[in-house]
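Here the structure is laid out as C-alpha cells; the discussion comes afterwards.
The numbers here are math on the coordinates, done by the rules we state, and not lab data. Since the model is a prediction, treat every value here as computed from it, not as a measurement. As a convention, Cβ positions derive from the backbone with ideal geometry for all residues, glycine included, and neighbour counts pool all protein chains shown.
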Amino acid sequence: MEKSAIFGNKALPYALLVPQLVITLVFFYWPASQAVWQSFLREDAFGLNSEFVGLENYQALFAQPEYYKSMLTTLVFSSLVAALSLSIALLFATQADKNIKAAPVFKVMMIWPYAVAPAVAGVLWLFMFHPTLGTLARPMRVMGMNWNPLLNGNHAMALIVMAAVWKQIAYNFLFFLAGLQSIPRSVLEAGAIDGAGPLRRFWTITFPLLSPTTFFLLVVNVVYVFFDTFGIIDAVTGGGPAGSTTTMVYKVYADGRLGGDLGGSAAQSVVLMVIVIALTAIQFRYVERKVQY
Amino acid sequence: MVEHRRWNDIVAYLVLTLGVLLVVFPVYVALIASTHDAATVVNGNMPMLPGGHALENYYRAIFVGGSRASREPVGHMLINSFIMAMGIALGKIFISILSAYAVVYFRFPFRKTAFWIIFITLMLPVEVRIYPTYKVIADLKMLDTYGGLILPLIASATGTLLFRQFFMTIPDELLEASRIDGAGPYRFFKDTLLPLSVTTMAALFVIQFIYGWNQYLWPLLITTQDSMQTIVTGIKKMLTTTDELAEWQLAMATAILAMLPPVAVVIFMQRLFVRGLVETEK
C-alpha cells in the first residue's frame, strides 16, 4: 500500500523521523548488539577485562543441566497457562455471546484484570495461598493437604499458573468474544434447521470458524507467558523453591544479577531473541493468511 | 439468536456469575485484608468482612510508609508511577505520529530502511535485552532518572504501525484539497491529520498508560534510590523484609492503590481500551 498524494519536501521527513530513530538506535539497537557481542566475551571476576571466547558461553550454557530445566519449566508453565486460560476464556465468551440482558455488565467485569500489573496479581494470589496466613491455604490444610508453595516446587508452579491464568483470561475473553460475534448468524441458523443442537453446533460450526482467533491467541499467550509473567514469578516465588519456577527469562535476570555471569546471561538473551523472532514469524504468516481469508 | 430457551439463559447467567466471582475474589480478599490490623491478618484466620482499620492502613501506606525508616510512602511511588506511565504514553504518541507521518506522506531515499529499522523493534521486548540496556542507561548517567525509566520503553514500533495503518485509510482527496487551499505539510498535519487522529491517539494512550504503569522488571533494575521507586515494584519490597514480619495489611492496601488507576482507565474508557487492544495487535 502506498499513498499517491504526497509532499515533495526533501529534508522535512528526516526531521520527523529523528526522534524515533534516535531513541530506537540508542535504546534498542545499541543494547541489542551489545547483547550479541557480549555473548562472545568473558569478563574476569572484577569486570575489568574481557576477552573474546567465541562460542564458549553457548557451549557452557548448553552443558548446564539447569538450562534444560529452565526450558522444561518454561514449556510446562506456558502450556498450562495457555491451555487453561484459553479454555476458561472460551467458556465465558460463549456464554457472554448469548443474547442475555446483562452481557455488557459481565463483559466489563471480565476484562478489567487485564489492567492489573503481573507483579500485583502475583502478590494477590500469594496472599490467598500463603502457607501460614492465606485465606484459602487454611481450608486446604484442614482437608489434610500439606500445602506449601514456598517449599514445594509443584505447589509453587500451581500458584504462579493460577495467577497468570487469572490475569490472562481477560485478554482471551475479549478476543474470543469478538471472534464469536463475527460468526454469521445465518450459518448457525442453517445448522439449527438441520437439527444440530447447541453443543453440536459449537463443535462443528463455531469452533472451526473460531480457529484463526484461537491460533492467534495461542501465539500471544505463549509470548505473554515468556515475558509478561516475569513480575508474577519474581513476586511469588523468586524462581524458587530450588529453581522449580525459574523460566528462561527469569534465568537471564537471575544469572546476570545474582550470579554476575554477564556473558552467560547475554548468550541466554540471544537464544531467547531467536525464539521470539521465530514466534513472531509464525504470527506474521498467520496474519497474512487471515488477510486472504 | 437461533433459538431462545430458558435453560440456556440460566446456564449463561450461572457460568458468567461464577466467572465474575472467580475474577473478583482475589481482589476482594486483598480489599478485606487492607481494612484489618496486622495481627488479624497474620494469624491466618482473617474474617471475610471488612474490619475497622481501613483509614489507618491507607493513611499509613500513602503518607508514612512501612515501619522501617528507609521505605518510601506509597504516595510518592504513585507520583513516580504516574510520571512514568504518562511519559511512556505521551512520548510514544509523539515520536510515532511524527515518524508515521514521514513514512506515509513523504518519499525520500532510505524510507523503507527507516521503516524496517523501526519495525524490527516489535520482535524484542525489553526483557530480552535487559542488562545491555541497563548498561547503556548507566553509561548515559541516567540511572534513577525519569528519562531512564521512560525512554527505553518507548523504543518500539507499535505506535508507528498503528498510525501508519490509520493514515493509509485517510482518502488522498483530503490532502489534495488542502493543497489546493495552499496548505503545506505543517498546516495539513495540524489542521487535518491531528484532528482526525484523536480517537487513535486516545486508544493508543489508554494501552500505553496501562503498559507503563504496570512495568516491573525495568524500574526494579534501574532505580536504586527509594525515592524513584514505582508502586508496582514497591509492593514486592514491602514483602521481602528480613528484619521484621512483612506488613501484609499495608502491602494489600498498596496493591489496591496500585491497581486502581489502570483498572479505572479500563472501566471508564472501555471502548477506547478495546479498540486500542485490538488495533495494536494487528
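Descriptive notes on the structure:
- For region B:33-132, the C-alpha radius of gyration divided by 2.2 N^0.38 Å, with N the number of residues, is 1.88.
- Overall form of region A:66-292 per C-alpha gyration tensor (a/c, 1.5; a/b vs b/c): oblate
- Gain upon complete extension [residue B:48, residue B:198; 0.36 nm per residue less C-alpha separation]: 49.5 nm
- Spatially proximal lysines relative to residue A:3 (Cα-Cα < 30 Å; intrachain offsets below 8 disregarded): A:290, B:92, B:112, B:190, B:282
- Kyte-Doolittle at least -1.0, axis length at least 20 Å by Cα - qualifying DSSP helices, chain B: B:6-33, B:74-105, B:198-213, B:248-268
- Residue B:225 paired with residue B:177, simple spin-label distance in nm, labels 7 Å along Cα-to-beta-carbon: 5.3
- Furthest towards positive pole of dipole, A:212, A:235, A:177, structure part chain A, Cβ charges: A:177
- Extension reserve of the residue A:103-residue A:53 stretch, reckoned as 0.36 nm per residue once the Cα distance is removed: 11.9 nm
- For chain B, size of Cβ-based charge dipole, Lys and Arg +1, Asp and Glu -1, in debye: 680
- Amide N proximity, region A:21-37 versus residue B:138 label position 7 Å along Cα-to-Cβ, cut-off under 15 Å: A:31, A:34-35
- The lysines within cross-link reach of residue A:98, meaning a Cα-to-Cα straight distance under 24 Å and a gap of 8 or more places when in the same chain, are A:107, A:167.
- Coordinate range of the alpha-carbon atoms in the protein assembly as shown per principal axis, descending: 78, 77, 50 Å.
- Converting phi to 3J(HN,Hα) with the Karplus coefficients 6.51, -1.76 and 1.60 and the offset θ = phi - 60°, region A:269-282 yields 4, 5, 4, 4, 4, 4, 4, 5, 4, 4, 4, 5, 4, 4 Hz in sequence order, with x at every glycine or proline.
- Springs join every pair of Cα atoms under 10 Å in this Gaussian network model of chain B, and among B:89, B:253, B:12 the largest mean-square fluctuation is at B:12.
- Taking amide H atoms as placed 1.01 Å from N in the peptide plane, the amide H of residue A:41 lies under 5 Å from those of A:53, each 5 or more residues away in sequence or on another chain.
- Summing Lys and Arg as +1 and Asp and Glu as -1 over all other residues whose Cβ lies under 12 Å from the Cβ of residue A:60 gives a net charge of -3.
- Residue-by-residue Karplus 3J(HN,Hα) for region A:90-103, coefficients 6.51, -1.76, 1.60, Hz, glycine and proline x: 5, 4, 5, 5, 5, 6, 6, 6, 5, 7, 10, 5, 7, 3
- Helical contribution to [θ] at 222 nm, DSSP H n ≥ 4, -39,500 (n - 2.57), averaged over chain B, rounded to 500: -20500 deg cm²/dmol
- Computed over region B:6-64, Kirkwood Rh from alpha-carbon pairs, angstrom: 13.5
- The average projected area of chain B, computed from the convex hull of its Cα atoms over all directions, is 22.1 nm².
- Applying 1/(1 + (r/R0)^6) with R0 = 51 Å to the Cβ-Cβ distance of residue B:86 and residue A:193 gives a FRET efficiency near 0.40.
- Considering only A:49, A:154, A:146, the mean-square fluctuation computed in a Gaussian network model of chain A, springs between alpha carbons under 10 angstrom, is largest for A:49.
- Spin-label pair residue B:186-residue A:18: with each label point 7 Å from Cα along the Cα-Cβ axis, the two points sit 1.4 nm from one another.
- Alpha-carbon centroids, region B:39-104 and region A:227-254: separation in whole Å: 23
- For the options A:205, A:183, A:23, a Gaussian network treatment of chain A with springs between C-alpha atoms closer than 10 Å singles out A:23 as fluctuating the most.
- Modelled spin-label separation between residue A:136 and residue A:280, with each label point placed 7 Å from Cα along the Cα-to-Cβ direction: 3.6 nm.
- Loop-located trypsin sites (Lys or Arg not before Pro) in region A:49-151 whose Cβ has at most 14 other Cβ within 10 Å (DSSP): A:101
- J(HN,Hα) series, region A:204-221, from Karplus relation 6.51 cos²θ - 1.76 cosθ + 1.60, nearest Hz, glycine and proline x: 9, 10, 4, 4, x, 5, 8, 4, x, 4, 4, 5, 4, 5, 4, 5, 4, 5
- All C-alpha to C-alpha distances of region A:141-221, sorted into 5 Å bins beginning at zero, yield P(r) values of 3, 12, 16, 14, 11, 11, 9, 9, 8, 4, 2, 0 percent in whole numbers.
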